[in-house]
Amino acid sequence: MEPFSDQFLEFHPIHGTNVRLNHSGTQATRVESFANGVCFSKHPLKPGEIFLIEIEEKEVGWCGHLRMGLTAREPRSLEVVPEYSIPDLTELGDSWVFAITRNHNKVVEEPEVPEAGGGELPEGQRLGRGEAEDRDGGYNMKTETFFTDTHLCIDNVRIPRDKLVGRSRPGRYSHLLDDLYKTNTLPPTARRSRIGVLYVPKGKDMADMHIVINGEDMGASAKGISTRQPLYAVVDIFASTKCVRIVQVEYGFSSLQTLCRKAIQKHIVHRMAIDWLQLPEALKHYCKFE
């Protein structure tokens, strides 16, 4: 299943008191303090549709980082936006939010052991987390497949990789930094990291929530979420995370620009080599993801 998004993703006008949105509703900044930074997607997410953000600005002096997840509560139904997503929003029920930690806390699922009572997970239960060993070739394998694996596959959902991975600003060492984003080596809370949340259908009226960090699926963070009600993305711009921007993901057929970019990237050593090519400046910027 490859979702086709016909809507421009924006933040909901209902948000925490310390949040300011830009004119397009795609950038959210916490203007003061460290809390009251809870934001929502303007529209419910479709099955398999990723709500992807990039961390644009950090603020030193605070302890804690970005939090992200889903909620079945329509933002306009809230009497007041909670000060914190954890625990204020989650304690209201029908919300599944997780802290994005400095470590890559990839979900490690325990083998399923049937129980006398049925053994089903309670709705939204957090699964075991731990440092999973990379058995697929590590650094070299991830780097080599970055431009050849066109989609991230999560069960039956296929998401174009084109926009999922963070990229450094062009500079002398940008090609080295880009490799760190590709291999998910940097802390997920680093500037320019891209983090997304989506839900994957699991049978009738049920779904699992997945968090994707720089193109890597972290596994099912919550299982057994009911899809009978619309599900909104939750982004809590908390503590050291100060500003985030929505990254629009293109589904369906790739545009001619995207196909040109992939062909160019396949034959260059690193991104800065694009400056040496005889191409229109607009295409150079596009190829460098600017």
Report summary line: Per the filter on the range 151-166, residues in contact (Cβ under 8 Å) with a residue 12 or more places away in the chain and more than 14 Å from the chain's Cα centre (by Cα) are His151, Asp155, Asn156, Val157, Arg158
Report task. Select from the range 209-241 the residues that are in contact (Cβ under 8 Å) with a residue 24 or more places away in the chain and among the charged types (D, E, K, R) and write down the one among them that is surrounded by the most Cβ atoms within 10 Å (Cβ to Cβ). Result -> Asp236
Report summary line: Going through (1) in contact with a strand residue (DSSP E or B) (Cβ under 6 Å, 6 or more places away or on another chain); (2) of a type in the set (A, V, I, L, M, F, W, C); (3) touching a residue at least 40 places away in the same chain (Cβ under 8 Å) one by one, Val31 fails only at (3)
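Please note which strands (runs of 3 or more DSSP E) are completely contained in the range 1-79 and include at least 1 residues that are more than 19 Å from Phe98 (Cα to Cα).
Details: elements: 19-21, 27-30, 38-40, 51-58, 67-71.
Strands (runs of 3 or more DSSP E) meeting the threshold: 19-21, 27-30, 51-58.
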Report summary line: When restricted to Leu152, Leu177, Leu198, the only residue of a type outside the set (Lys, Arg) and touching a helix residue (DSSP H, G or I) at 6+ places or on another chain (Cβ under 8 Å) is Leu152
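Residue check: is Lys182 more than 21 Å from Val249 (Cα to Cα) and of a type in the set (D, E, K, R)?
No: the conditions fail for Lys182.
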Report summary line: Residue hits (the range 247-257; under 22 Å from the mean Cα position of the chain (by Cα) and modelled with pLDDT of 70 or more) are Val247, Gln248, Val249, Glu250, Tyr251
Report task. Looking for whichever is surrounded by 20 or more Cβ atoms within 10 Å (Cβ to Cβ) and either closer than 13 Å to Ile237 by Cβ or out of contact with any Cys (no Cβ under 8 Å at 6 or more places or on another chain) (or both) here; the options are His23, His15. Which one fits? Result -> His15
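Just checking, how many residues over the range 178-226 are small (Gly, Ala, Ser) and within 11 Å of the chain's Cα centre (by Cα)? Give the derivation first.
Initially, the range 178-226 is screened for residues small (Gly, Ala, Ser), giving 190, 193, 196, 203, 207, 215, 219-222, 224, 226.
Remaining after also requiring within 11 Å of the chain's Cα centre (by Cα): 193, 196, 215.
Count: 3.
Do we have Ala233 as assigned by TED's automatic domain parsing to the domain that holds Ser95, part of a strand (DSSP E or B) and either in contact with a Gly (Cβ under 8 Å, 6 or more places away or on another chain) or among the small types (Gly, Ala, Ser) (or both) here?
yes
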Query raised in the report: Quick check: is even one residue across the range 82-104 in a loop (DSSP other than H, G, I, E, B), within 29 Å of Asn156 (Cβ to Cβ), modelled with pLDDT under 95 and outside the structural domain of Tyr199 (by TED's automatic domain parsing)?
Result: no
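From the list Glu59, Glu54, Glu49, pick out the single residue that is closer than 18 Å to Arg191 by Cβ, surrounded by 18 or more Cβ atoms within 10 Å (Cβ to Cβ) and of a type outside the set (Ser, Thr, Tyr).
Details: Glu59 fails: surrounded by 18 or more Cβ atoms within 10 Å (Cβ to Cβ); Glu49 fails: closer than 18 Å to Arg191 by Cβ.
Exactly one residue qualifies, and that residue is Glu54.
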Query raised in the report: When Thr148 is evaluated against the numbered criteria (1) in a loop (DSSP other than H, G, I, E, B); (2) modelled with pLDDT of 70 or more, which criterion, by number, is the only one it fails?
Result: (2)
Report task. Read through the list (1) modelled with pLDDT under 90; (2) surrounded by fewer than 19 Cβ atoms within 10 Å (Cβ to Cβ), then give the number of the only condition that Ala190 fails. Result -> (1)
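The values are calculated or read from the model by the stated rules, or taken from the named source; none is laboratory data. Because the structure is predicted, anything quoted here is derived from the model rather than measured. Positions of Cβ are generated from backbone atoms using ideal geometry, with glycine treated the same way; all protein chains shown enter the neighbour counts.
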